[in-house]
1. Would you confirm, using the coordinates I've provided, whether residue 143 is in contact with a helix residue (DSSP H, G or I) (Cβ under 8 Å, 6 or more places away or on another chain) and in a strand (DSSP E or B)?
2. Could you tell me whether residue 204 is more than 19 Å from residue 95 (Cα to Cα) and surrounded by fewer than 21 Cβ atoms within 10 Å (Cβ to Cβ)?
3. Let me confirm something: among 238, 232, which residue is touching a helix residue (DSSP H, G or I) at 6+ places or on another chain (Cβ under 8 Å) and modelled with pLDDT of 95 or more?
4. Inspect all residues belonging to segment 159-173 and state whether any of them is at negative phi, buried (at least 17 other Cβ atoms within 10 Å of the Cβ), in contact with a helix residue (DSSP H, G or I) (Cβ under 7 Å, 6 or more places away or on another chain) and not in a strand (DSSP E or B).
5. Suppose the filter is touching a strand residue (DSSP E or B) at 6+ places or on another chain (Cβ under 9 Å) and at pLDDT below 90; does residue 250 pass it?
6. If I filter segment 174-193 down to residues being surrounded by fewer than 18 Cβ atoms within 10 Å (Cβ to Cβ) and out of contact with any strand residue (DSSP E or B) (no Cβ under 7 Å at 6 or more places or on another chain), which single residue comes out as modelled with the lowest pLDDT?
């Protein structure tokens, strides 16, 4: 039987290295990823491995829970979990990461000034956006459940509850970092998960970066915040700003940025469901 985790019993992992050291350690392992006509080098988070090649069904199911505005570019799990998924073994999905991109800005260069202006406005509306998202998240979980049922013949009945916005923990001219916590139930289990999210500008391309962990105490919150922050630094270091791209950057893209915020928040929130998915019996 091929199974995705129902339990969410997470192993403790060594925290990601910070800043430049993290970037140096991972830049050689960066994968080229396509964003419209553009290509960026995306290093995997330290000690994690990409899942799309080893478990495309995981990517298919996880994408089903996202809003149409978001494209799931890649997901990452520990080497142990990635190996188990590749072999079709039952395994808890430990702490994991997702890389998403807003479809309307895929391959479109956004100016640093537009990003900075919009991020200031965006931060003021983060909490209210999440408060207003209940109907949308319910719709998306139902949409995802229907797709997983089609794939596995079993309705996972995944639902979110007690959504809690924990605030912005880092601000940069090129990035806005926030934390979300939520209860997740489905497939006969329930747990509390925490997400460290970031809306970042990487060589003028908008990206959404997320790390996830089961929440036991504040150490788990600190882990996701540090993990996302370190990963963002590594991705930026692997893709320095190109003056030629800067010349093509769009201006007056505040509307795109505001829509991207909704996608970033909901994409991060819905990504919390990934640890309770099941595969079809083979």
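The values are calculated or read from the model by the stated rules, or taken from the named source; none is laboratory data. As the structure is a prediction and not an experimental result, all values here were calculated from the model. Cβ sites come from the backbone with ideal geometry, for glycine too, and all protein chains shown count toward neighbours.
1. On the way: in contact with a helix residue (DSSP H, G or I) (Cβ under 8 Å, 6 or more places away or on another chain): yes; in a strand (DSSP E or B): no.
No, not satisfied.
2. Values: more than 19 Å from residue 95 (Cα to Cα): yes; surrounded by fewer than 21 Cβ atoms within 10 Å (Cβ to Cβ): no.
So residue 204 does not fit the description; no.
3. Values: 232 fails: touching a helix residue (DSSP H, G or I) at 6+ places or on another chain (Cβ under 8 Å).
The unique qualifying residue is 238.
4. Scanning segment 159-173 turns up no residue that is at negative phi, buried (at least 17 other Cβ atoms within 10 Å of the Cβ), in contact with a helix residue (DSSP H, G or I) (Cβ under 7 Å, 6 or more places away or on another chain) and not in a strand (DSSP E or B).
5. Details: touching a strand residue (DSSP E or B) at 6+ places or on another chain (Cβ under 9 Å): yes; at pLDDT below 90: yes.
Yes; evaluated as a whole, the condition is true for this residue.
6. Only one residue fits best here, namely 188.
Matching residues to (1) modelled with pLDDT of 90 or more; (2) in contact with a helix residue (DSSP H, G or I) (Cβ under 6 Å, 6 or more places away or on another chain); (3) closer than 24 Å to residue 155 by Cα:
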{"residue": "21", "(1), (2), (3)": "no, no, no"}
{"residue": "27", "(1), (2), (3)": "no, yes, no"}
{"residue": "31", "(1), (2), (3)": "yes, no, no"}
{"residue": "35", "(1), (2), (3)": "yes, no, no"}
{"residue": "47", "(1), (2), (3)": "yes, no, no"}
{"residue": "50", "(1), (2), (3)": "yes, no, no"}
{"residue": "61", "(1), (2), (3)": "no, yes, yes"}
{"residue": "122", "(1), (2), (3)": "no, yes, no"}
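For (1) part of a loop (DSSP other than H, G, I, E, B); (2) buried (at least 20 other Cβ atoms within 10 Å of the Cβ); (3) over 13 Å from the mean Cα position of the chain (by Cα), each residue gets a yes or a no:
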{"position": "52", "(1), (2), (3)": "yes, no, yes"}
{"position": "62", "(1), (2), (3)": "no, yes, no"}
{"position": "81", "(1), (2), (3)": "no, yes, yes"}
{"position": "93", "(1), (2), (3)": "yes, yes, yes"}
{"position": "119", "(1), (2), (3)": "no, yes, yes"}
